[in-house]
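The values are calculated or read from the model by the stated rules, or taken from the named source; none is laboratory data. All of these numbers come straight from a predicted model, not from anything done at the bench. Here the Cβ is made from the backbone with ideal geometry for all residues, glycine too, and neighbour counts use every protein chain on show. The protein model used for the area step is the full one, side chains on, heavy atoms only, and it has no ligands, DNA or RNA in it. Shrake-Rupley method; radii C 1.70, N 1.55, O 1.52, S 1.80 Å.
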Amino acid sequence: MIKETQINLNQIGYRPKDEKRAVIRDAGGDTEFDVRRCDTKESVFKGTITNGSGLGSSGDSVSYADLSALTRPGRYMVTTSSGKESYEFEIGDGVYDGALADSLRMLYLQRCGTDLPEEYAGEFAHGKCHDEIATIYGETGQMEVSGGWHDAGDYGRYTVPGAKAVADLLLAYELYPGSFDDNLGIPESNNGIKDVLDEARFELEWLHKMQLPSGCVSHKVTGLDFDGFIMPDKCTSKLYVMPASKTATADFAGVMYMAGRVYRDIDPAFSDKCIAAADRALAAYTDHRKDEGFTNPPDVLTGEYRDDCSEDEFLWAVCEGYRTTGDRRFESLLDTVDMSLIRYEGFGWDDMSGYAYYAYLAAKDPMKTKHDLKGRFYGMCDKAARTALTGEAYGSSLDDDYAWGSNMYIANNAMALLLASSLEYNKDYELAAKRQLDYILGTNPCSYCFLTGYGTNSPQNPHHRPSVAQKKAMKGMLVGGADSYLEDEWAQKALKNVPKAKCYIDVSDSYSCNEITIYWNSPLVFVLAAFR
Ligand code: G3I
Ligand code: 9MR
Ligand code: ZN
């Protein structure tokens, strides 16, 4: 058992110049804090505890210890006079190097349709999986759709979240190429192309296979039900290519336009192929714009990723298409978007407008439009920054809403703020973004470093089939985190009447708290690359 702590901070640690703010729950009579070296227990820094209040979704009454002025590299802990102790943390350059490498390598370990040799995958090595020719659902035909990443704790492969995950990697590469290397330890390492692009391409190649002759894109390839908790090469359920959906088709166009730009200089033929495929998808999309969102056929139980509004996905495809090609035909499509249908704004699998806003703003010679996309983007960022800087006790940017995959929304907000700040530097945005990373890595009311294998207290029991099968949490996975809607039996039993931001449990059956996904890791890769 790991000792509980009332002093929460980033359990990996901080770069020397970062803000370093420990959050103390119920400080009681403590007024001063010490930062001590872990080895000698010698105090190297003292400060006064400042009062916070009972703020926000944790319900905690908090105070703060600001140790930002301590910049000397080392391994430390924060203590108070009554004997409260934080977990250990590090100050130093490169503190996030390992986390970045492992959160990217996690995607390699999610690869499907190929064997993962022990040399690269260690104890998560397995033979070729899910590589049979799949049956087209409701038809007699078959399709070869092997490849891509397993979506999450399950082995399904879904187009919509796959597009989001790739988009995050490609944006991370475009903005922070210097943060990525070619020596991650994947089969393509040392091929002269950064591993982040090799890994993204693995998913892109699969996405290409998911495009139907009509130009529309299949929503997913899975069995009728989820596979058991076994290694992927042991799965035997029959695979189906499910029908196309309008969100899959529009997301496919968006990410392929992005890929067409990013791989331009690396592989012109591949870049051309991506743009041509995106054009075909966008043309096919037009006939399906008013369709309902994808729903599972009655005998299909795998992830649904239902989303009835595809205006945001379409908006993304249009803005990304213009940014990549500069073709004015996108300008006439832009004004046809019905912005009033977009209920949420962001970078989630069902709310892709954030990617659109950024692509629109980053384009050379921006399109003319009646929509105020800039206002919407900065409105979204301002709100996240305000919540993080003044609204929430632990620096979270979530305004009292902790849903399934809340850690993704945290990471997405950080990404939004960093994208905005890359267009026009904004100190508050940078600080708020950093606080989101600190939250994920330990400055949260759950006292968890939500990235497996890092920090003192990290999830040991993720809802992840390979981890359950091998009885060991794979390293480098971001779990979903607090979900106050209590969306599985375990959460319902264990978390009744718990404050929203504390609705988290480290039990592998709790898929609504403790699953992992490729598209929760991907914004974390972006954020870690930014702060590397
Ligand atoms: O629409 C509501 C909105 O009204 C409400 O305010 C909001 C709370 O923030 O929740 C919104 O809906 C939620 C939806 O996600 C969109 O965020 C649902 O309550 C919630 O149940 C839903 O969760 C999704 C879950 O599947 C169940 O459908 C997760 O986002 C999604 O990540 C997850 O995806 C699964 C796949 O199906 C299968 N593979 C694993 C993967 C991860 O768990
Ligand atoms: O393992 C599944 C996980 O990937 C999904 O996110 C989750 C919600 O769709 O469902 C999990 O599968 C469970 C199923 O829904 C109900 N029976 C138990 C399954 C394993 O926990
Ligand atoms: Zn597989």
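Could you give the dipole magnitude of the chain about its Cα centre, charging the beta-carbon of Lys and Arg +1 and that of Asp and Glu -1, in debye to the nearest 20?
960 debye
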R0 of 25 Å, Cβ-Cβ distance GLU304-ASP401: FRET efficiency to nearest 0.05: 0.75
Relative packing of 2-10, 177-185, 30-38, which averages over residues the other C-beta atoms within 10 Å, highest first: 2-10, 30-38, 177-185
Signed unit charges on C-beta, dipole axis of the chain, positive-most listed residue ASN8, ALA530, ALA414: ASN8
Linear extension gain, MET1 paired with THR48, 0.36 nm per residue minus alpha-carbon span: 13.8 nm
Relative contact order of the chain, defined on C-alpha pairs under 8 angstrom at six or more residues apart (%): 16 percent
28 Å Cα-Cα threshold exceeded, pairs from LYS128/LYS471; LYS3/LYS471; LYS46/LYS434; LYS46/LYS502; LYS238/LYS502: LYS46/LYS502; LYS238/LYS502
Positive-end residue of SER179, THR159, MET352, charge dipole of the chain with Cβ unit charges: SER179
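Report the calculated FRET efficiency for THR286 and GLU174 (r = Cβ-Cβ distance, R0 = 30 Å), to the nearest 0.05.
Efficiency for this residue pair is about 0.55.
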Euclidean distance between Cα centres, segment 485-508 to segment 287-315, Å: 28 Å
Accessible surface ranking that places the most exposed of TYR425, TYR519, TYR409 first, with a 1.4 angstrom probe: TYR425, TYR409, TYR519
Per residue value of the accessible surface for the chain (all protein chains in place, 1.4 Å probe), Å²: 37 Å²
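Using helices alone, what [θ] at 222 nm do you get for the chain, with -39,500 (n - 2.57) per DSSP H run of 4 or more residues, divided over all residues and rounded to the nearest 500?
-11000 deg cm²/dmol
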For segment 97-324, convex hull volume per residue from C-alpha positions, Å³: 121 Å³
Peptide ranges 220-229, 322-331, 506-515 listed from the most packed, as the mean C-beta count within 10 angstrom indicates: 506-515, 220-229, 322-331
Tilt relative to the chain, helix 97-109 - C-alpha long axis, 0 to 90 degrees, to 10: 30 degrees
Check: segment 97-324 dipole with +1 on Lys, Arg Cβ and -1 on Asp, Glu Cβ, in debye: 560 debye
Sequence of MET106, MET380 when ordered by accessible area, the most exposed leading, probe 1.4 angstrom: MET380, MET106
Point-charge dipole on Cβ atoms (K/R +1, D/E -1) for segment 350-394, about Cα centre, debye to 20: 260 debye
Within the accessible area of segment 19-82 (1.4 Å probe), percent carbon and sulfur: 48 percent
